[in-house]
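Taking it in order: structure first as structure tokens, then the write-up.
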């Protein structure tokens, strides 16, 4: 007889080490619920889940559990832009203002689309104070960004557009496709692949959605001699716009489990889905852009999407060097995405991760509801599972 803390699902014997690592994680008393999925050559080889979907541990994590993926959503939004570029409808080197004329305000008329994707447009935050409700108002956010002057000379440096990435790239998708980014993603990518991943979650899926449990911030009394308080370190080095990037508009922690948050299209941060769906979507990208007869994008688009654009010090996250392709993260020396330098994907706050490795023809998805914070871009749980995958090849 198995319990909620035991891994459920399927695992190819070749990947037994992944099951072992996942079981070790679920067994820890502080762990709550999670899932991990892997495809090889487009075939599912790991599809495991376990734990609980709520803090009270009354709801088990099931095969169909969804959870907020935070910035792992950015990869899904980027796929939409690259699909449109593949179809000749979007030129990544064209000015944003060609598709979104209002964006030309504040001397932004020459910023190309690609600088929105690689976080170098200088628009990580809105300066004017915004009410909390603005985060759910697409028009309010895109209008504010159209009016916003860049915080640095566009193209001269990069800084993580933690929240604004979604509205900037999403508005381009909306203008070109004539549909919201969430609708386009369902119609063109997730739906055809039968992937249970949403940007704008329907109310009927609430019952299947795990509650997010934020990580407690480190307190001074919790820090041992010689250790650093990374929150204090980040705040000490952060530029004023970096604070605004995360806190304007401000979102209360309990809002992440609300119907308003789940329903809105916030395409940098509120995708809801499963590890299996992440692995399936990235599985198409790991196999040349197609999976089970569904064409997501071309091999040429995949190579363009994962081409390195920016590497090094980040204007918004001052204590971590970052490396960006066109809408995707690439591995860094400190945080590789497996052994192949051209593997690409995106991690999310708290620990979620999705990526594709076309050289190994591997895709990976990890989702969880107990968040972790620390000086990392890729969480330690996802890293341990990812390493077990490549050890198994």
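Each reported figure results from applying straightforward, stated rules to the coordinates on display, with no laboratory input. Being a predicted model, the structure only gives us computed values, none of them experimental. Don't worry about glycine lacking a Cβ; one is built from the backbone with ideal geometry, like all the others, and counts go over all protein chains shown.
Out of these labelled values of percent of Cα pairs over 27 Å apart, [x] 50; [y] 60; [z] 46, which was calculated from the coordinates shown here? So the structure-derived entry is [z]. The distance linking the stretch 25-74 with the stretch 320-393 is 16 Å (Cα centroid to Cα centroid, whole angstrom).
Taking every DSSP beta bridge that has both residues in the chain, what percent is antiparallel when rounded to the nearest 5? So the antiparallel bridges amount to about 95 percent of the total.
With a ≥ b ≥ c the root eigenvalues of the C-alpha gyration tensor of the stretch 1-75, is it rounded (a/c under 1.5), prolate (a/b larger than b/c) or oblate?
Numbers: a/c = 1.91, a/b = 1.18, b/c = 1.62.
Here the stretch 1-75 falls in the oblate category.
Classification of the stretch 160-212 by its C-alpha gyration tensor yields an oblate form. The axis ratio a/c (a ≥ b ≥ c) is 1.5 or more, and b/c is at least a/b. Taking square-rooted eigenvalues a ≥ b ≥ c of the alpha carbon gyration tensor, is the stretch 77-220 rounded, prolate or oblate, where a/c under 1.5 means rounded and, failing that, a/b exceeding b/c means prolate? Since a/c reaches 1.5 but b/c is at least a/b, the shape of the stretch 77-220 is classed as oblate.
Footprinting exposure proxy ranking of 193, 393, 326, fewest other C-beta atoms within 10 angstrom first, gives 393, 193, 326.
For the pair the stretch 263-317 and the stretch 175-205, the centres of their Cα atoms are 14 angstrom apart.
Dividing the summed helix terms, -39500 (n - 2.57) for each DSSP H run of n ≥ 4, by the number of residues in the chain produces a 222 nm estimate of -8500 deg cm²/dmol to the nearest 500.
Can you give the FRET efficiency to the nearest 0.05 for residue 311 and residue 373, using r as the Cβ-Cβ distance and R₀ = 30 Å? Given R0 = 30 Å and the Cβ-Cβ separation, E is 0.80.
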